[in-house]
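Undergrad: Sharing a structure below in C-alpha cells format, with a few things to ask.
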C-alpha cells in the first residue's frame, strides 16, 4: 500500500517561518526525524527551531536536501527562484507555497499561471518530483485539525502531482501527520488547492474534498 519513501521517517523542510515550523512540530510529534532550514547559515535559526519546533534540527538548505528524500518547500513564493534549479534533483518536493499578491507582488507569472503555480515550480526544478500539498489549510488550522487515523471528524488533505509514486509517498505522509489523504490528480489539478480554489482554507472531510475536486475537474476543458 505504501511507497516506502515516506516510511523512512526523515523529513526535510525548507523554510523556518510559521508554516515550516508548524509542519516540523507535527512531523516530530508523528515520529519523524526532521531537518529544517531558513535562509543562510543554520545557526541563524537554531534558537527559533529550539523554541518553535523542539526535536527538529537546524541545518543549511543543502544539508536538509542531503538529509531527506521528501522535502517540504515552505518559503514565500517569490523566493523559490533564488534556489538552484538542480537543488532538489531526484527528491520528492512538496510545494506547500501559496501566492499572495501583498507578499509576492501583483505582477508576474504567479498571478496569471493558468495551470497553477506548482507548474512553475516544476519548470524551475525540472529534476524534482513536485507534489502540491500541505498548502490549502492555514498553519493554525493545520496544527489544530490533526487527528489519529479513524477518529470521527478527521479532515482531508489533498495532494496533486504527475509522478504517481511521489504522490503516493506524500499521501502516506499526510496520513501520518493526521489527515485523511486525498489524491487530487495531476499537478495541474493543484490549481484547485490554491487560494481562490474550492477547497482552500476550509476543513472538509475526505469525502467532501473528493467531491469538490471531482466537480472542479469536470469544469476543466478536455485535452
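Undergrad: With loosely packed, with under 14 Cβ neighbours inside 10 Å and more than 15 Å from the chain's Cα centre (by Cα) as the only criterion, which of 146, 81 stands out?
TA: Answer to the check: 81.
Undergrad: If we keep just the residues of the range 155-173 that are in contact (Cβ under 8 Å) with a residue 40 or more places away in the chain and in a helix (DSSP H, G or I), which is nearest to residue 142 (Cα to Cα)?
TA: Result: 173.
Undergrad: Output the number of residues of the range 129-154 satisfying the condition of being in contact with a helix residue (DSSP H, G or I) (Cβ under 7 Å, 6 or more places away or on another chain), over 17 Å from residue 193 (Cβ atoms) and part of a loop (DSSP other than H, G, I, E, B).
TA: 2
Undergrad: Does residue 217 fit the bill of being at pLDDT below 95, more than 13 Å from the chain's Cα centre (by Cα) and assigned to a loop (DSSP other than H, G, I, E, B)?
TA: Spelling it out, it is not the case that residue 217 is at pLDDT below 95, more than 13 Å from the chain's Cα centre (by Cα) and assigned to a loop (DSSP other than H, G, I, E, B).
Undergrad: A further question follows. Return yes or no: is residue 55 over 23 Å from residue 169 (Cβ atoms) and either crowded, with 18+ Cβ neighbours inside 10 Å or free of Cβ contacts under 8 Å to residues at least 60 places away in the same chain (or both)?
TA: So residue 55 does not fit the description; no.
Undergrad: Filter the range 176-214 down to the residues that are in a helix (DSSP H, G or I) and within 20 Å of residue 97 (Cα to Cα) and list them by number.
TA: Hits for the range 176-214 are 177, 187, 188, 189, 190, 191, 192, 193, 209, 213.
Undergrad: Let me spell it out: the conditions are (1) over 14 Å from the mean Cα position of the chain (by Cα); (2) within 25 Å of residue 27 (Cβ to Cβ), and residue 177 meets all of them except one. Which number is the exception?
TA: (1)
Undergrad: Continuing with the same structure: Is it the case that the range 109-119 has a residue that's part of a loop (DSSP other than H, G, I, E, B), under 15 Å from the mean Cα position of the chain (by Cα), modelled with pLDDT of 95 or more and closer than 24 Å to residue 169 by Cα?
TA: No, the conditions are met nowhere in the range 109-119.
Undergrad: Got a number for residues in the range 182-197 being surrounded by fewer than 22 Cβ atoms within 10 Å (Cβ to Cβ) and either without any contact (Cβ under 8 Å) to a residue 40 or more places away in the chain or under 22 Å from residue 90 (Cβ atoms) (or both)?
TA: Of the residues in that region, 4 qualify.
The values are calculated or read from the model by the stated rules, or taken from the named source; none is laboratory data. Just so it is clear, the structure is predicted and the values come from calculations on it, not from any experiment. As a convention, Cβ positions derive from the backbone with ideal geometry for all residues, glycine included, and neighbour counts pool all protein chains shown.
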